[in-house]
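> Dropping the structure in here first, questions after.
The values are calculated or read from the model by the stated rules, or taken from the named source; none is laboratory data. Computed from a prediction, not measured in an experiment: that's the story for all the values here. Virtual Cβ from ideal backbone geometry, glycine too; neighbours counted across all protein chains shown.
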2 protein chains.
Amino acid sequence: MVVLRNPDETRRRILEAALEEIHLRGFQGMRVEHILTRTKLTKGALYHHFANKMAIGYAIVDEILGQDVMNRWVMPLKDSDDPVKTIIDICEQERAGNTASEIEKGCPINNLSQEMSPIDEGFRERLEAVYQEWTGAIADALRRGQEKGTIRKEVSPEKVAKFLLASLQGIIGVAKCCRHDNMLDDMADCLKDYLMQLRVS
Amino acid sequence: MVVLRNPDETRRRILEAALEEIHLRGFQGMRVEHILTRTKLTKGALYHHFANKMAIGYAIVDEILGQDVMNRWVMPLKDSDDPVKTIIDICEQERAGNTASEIEKGCPINNLSQEMSPIDEGFRERLEAVYQEWTGAIADALRRGQEKGTIRKEVSPEKVAKFLLASLQGIIGVAKCCRHDNMLDDMADCLKDYLMQLRVS
DNA sequence: ATATTGACAGACCAACCGGTCTGTTTATAT
DNA sequence: ATATAAACAGACCGGTTGGTCTGTCAATAT
């Protein structure tokens, strides 16, 4: 039988179900009722753990999405003196793990950023914080690469880090809409070319 | 006094008001009531011109956003043998015309694409069509540039066109969220560098 | 054993929101 | 002048939705 009364687990289940809904329909499109259906919980349970719908969204950014960036990007880059290789590895790994329907849903961080940044400052601040640790990790790795002699001296670590993040999000974003043949791979090839040319030749 | 009974003008006013709302709040966040407030029209008038909310969204993509891309990108690129210069000009022109609050709202095409592509095929098809004429125009210009000797032979016009569009949308998208100092300009600098290096040196 | 509190159940509600429907007014064709 | 249809007005409606409130049940401390 199911384990009864496990508040931490219940909270986690709510956030996971909410993220799945938000990933597909956006935060405004997500319905509290749907979370209840997915988790087989009731209103009472959900509103015991969260003050309102907004609090669920904030918790997802802070706890789930922030952690994802930490695990998938910040940590691997911390141990890397060859950031170009590491970034390409992460991208290819991510690419391999994503089904077609995952591609159509895009990056939840970017989705939330596009949708909520202009209309809710709480979301914007949290998402900006995630982006900052993301670009920060890339910039640090690029700088270390320069010291180790794997990255060209002329590149500005901060600027290029921001551009890389933007390009990556742009690629994922465009691929959501343009399902046409090898759209994603074509764009990824160009990003890879750009990355390779950051290296000392 | 105001001109009475001008159906074409009324329709246009509805679409413009709807676009402003959608630009800020997204399609799902846009409320029909708000359009009525903005336009000082009534339900009867609005639903005389459009079958439902969805039809308003579709019309905006087809008529307004599609035309914008045509005017701002496709036409200028058609007359250009130096696409790199033309693209940079368009970007800088766009940049100059955008206030801070415009930047926070991002590109309506990208916004709609992120929000609606995964949940409504009608939106997705229309937005993909816009993206296709956009990248098509860039690819054509790059190819012409290669023939005229301004663009390097090694670049793939189709691939680079897609990547340029994605990077641009990514930059605009990230800048929506990260208001921090010179985020936008830092990323734009990198894109400019990438563009310049497409040229024959 | 019992009190207390956190975890959860679920009926209920008020506001919202897209859409309908009937009626009125204006333009246009004849 | 009159018929006709398009353009518009606005009251109304039913389903949805986030949130509340009262009550119940289980775990834990004493």
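> I need the helices (runs of 4 or more DSSP H) fully contained in segment B:1-88, keeping only those with at least 1 residues that are within 16 Å of DNA strand C (Cβ to nearest atom) and either at pLDDT 95 or above or within 19 Å of the chain's Cα centre (by Cα) (or both).
Per the criteria, B:7-29, B:32-39, B:43-49, B:53-59.
> Do the conditions hold for A:Arg25, that is, is it of a type in the set (Lys, Arg), more than 16 Å from DNA strand D (Cβ to nearest atom) and surrounded by 14 or more Cβ atoms within 10 Å (Cβ to Cβ)?
Values: of a type in the set (Lys, Arg): yes; more than 16 Å from DNA strand D (Cβ to nearest atom): no; surrounded by 14 or more Cβ atoms within 10 Å (Cβ to Cβ): yes.
So A:Arg25 does not fit the description; no.
> Test A:Ile109 against the criterion of being assigned to a helix (DSSP H, G or I) and within 11 Å of chain B (Cβ to nearest Cβ), and give yes or no. So that I can check it myself, show each step before the final result.
Working: assigned to a helix (DSSP H, G or I): yes; within 11 Å of chain B (Cβ to nearest Cβ): yes.
Judged against the criteria, A:Ile109 is a match.
> Taking the stated definitions as given, is A:Ser117 of a type in the set (Gly, Ala, Ser) and under 21 Å from B:Leu112 (Cβ atoms)? Walk me through how you get there before you give the answer.
Working: of a type in the set (Gly, Ala, Ser): yes; under 21 Å from B:Leu112 (Cβ atoms): yes.
Yes, satisfied.
> Report whether or not A:Asp62 is away from DNA strand D (no atom under 16 Å from the Cβ), of a type outside the set (Ser, Thr, Tyr), more than 30 Å from A:Met196 (Cβ to Cβ) and away from chain B (no Cβ under 14 Å). Before the answer, list the steps.
Working: away from DNA strand D (no atom under 16 Å from the Cβ): yes; of a type outside the set (Ser, Thr, Tyr): yes; more than 30 Å from A:Met196 (Cβ to Cβ): yes; away from chain B (no Cβ under 14 Å): yes.
So A:Asp62 passes the test.
> Moving to a separate point now. Restricting the first residue to segment B:121-144 and requiring it to be within 15 Å of B:Asp79 (Cα to Cα), which pairs with a second residue that is outside any helix (DSSP H, G or I) and among the hydroxyl-bearing types (Ser, Thr, Tyr) meet a Cβ separation below 8 Å and a spacing of at least six or different chains?
From residues that are within 15 Å of B:Asp79 (Cα to Cα), the pairs are B:Ala141/B:Ser80; B:Arg144/B:Ser80.
> For segment A:16-59, how many residues meet the condition of being among the basic types (Lys, Arg) and either within 19 Å of A:Ile119 (Cβ to Cβ) or assigned by TED's automatic domain parsing to the domain that holds A:Glu102 (or both)?
So the first thing to find is which residues in segment A:16-59 are among the basic types (Lys, Arg), and the list is A:25, A:31, A:38, A:40, A:43, A:53.
Filter again for either within 19 Å of A:Ile119 (Cβ to Cβ) or assigned by TED's automatic domain parsing to the domain that holds A:Glu102 (or both), leaving A:25, A:31, A:53.
Number of matching residues: 3.
> Of A:Ile14, A:Ile35, which residue is touching a His at 6+ places or on another chain (Cβ under 8 Å) and surrounded by 13 or more Cβ atoms within 10 Å (Cβ to Cβ)? Talk me through it step by step, then tell me what you get.
Working: A:Ile35 fails: touching a His at 6+ places or on another chain (Cβ under 8 Å).
So the residue among A:Ile14, A:Ile35 that is touching a His at 6+ places or on another chain (Cβ under 8 Å) and surrounded by 13 or more Cβ atoms within 10 Å (Cβ to Cβ) is A:Ile14.
> Can you find, within segment B:138-159, the residue that is farthest from A:Gly173 (Cα to Cα) among those that are touching a helix residue (DSSP H, G or I) at 6+ places or on another chain (Cβ under 6 Å) and among the β-branched types (Val, Ile, Thr)?
B:Ile151
> Go through segment B:112-137 and report how many residues are among the polar types (S, T, N, Q), in a helix (DSSP H, G or I), in contact with a helix residue (DSSP H, G or I) (Cβ under 9 Å, 6 or more places away or on another chain) and within 8 Å of chain A (Cβ to nearest Cβ).
Of the residues in that region, 2 qualify.
> Okay, next question. Looking at B:Asp140, B:Asp186, B:Asp181, which is the one that is more than 7 Å from chain A (Cβ to nearest Cβ) and assigned to a helix (DSSP H, G or I)?
Working: B:Asp186 fails: more than 7 Å from chain A (Cβ to nearest Cβ); B:Asp181 fails: assigned to a helix (DSSP H, G or I).
It is B:Asp140.
> Identify, by number, the condition in (1) farther than 17 Å from A:Met70 by Cα; (2) surrounded by 24 or more Cβ atoms within 10 Å (Cβ to Cβ) that A:Ala141 doesn't meet.
Every listed condition holds for A:Ala141 apart from (1).
> Right, something else. Checking the conditions here, which among A:Leu36, A:Leu46, A:Leu15 is away from DNA strand D (no atom under 13 Å from the Cβ) and under 27 Å from B:Arg25 (Cα atoms)?
A:Leu15
> Could you grab me the full set of residues in segment A:145-201 that are within 20 Å of the chain's Cα centre (by Cα) and aromatic (Phe, Trp, Tyr)?
The answer is A:Phe163, and nothing else.
> Quick check on my filter: what residues within segment B:143-169 are among the hydroxyl-bearing types (Ser, Thr, Tyr) and either more than 18 Å from B:Cys190 (Cβ to Cβ) or more than 10 Å from chain A (Cβ to nearest Cβ) (or both)?
Residues satisfying the conditions are B:Thr150, B:Ser156.
> Please go through segment A:114-136 and pick out each residue that is among the small types (Gly, Ala, Ser) and within 13 Å of A:Gly66 (Cα to Cα).
Within segment A:114-136, A:Ala129 is the sole residue that qualifies.
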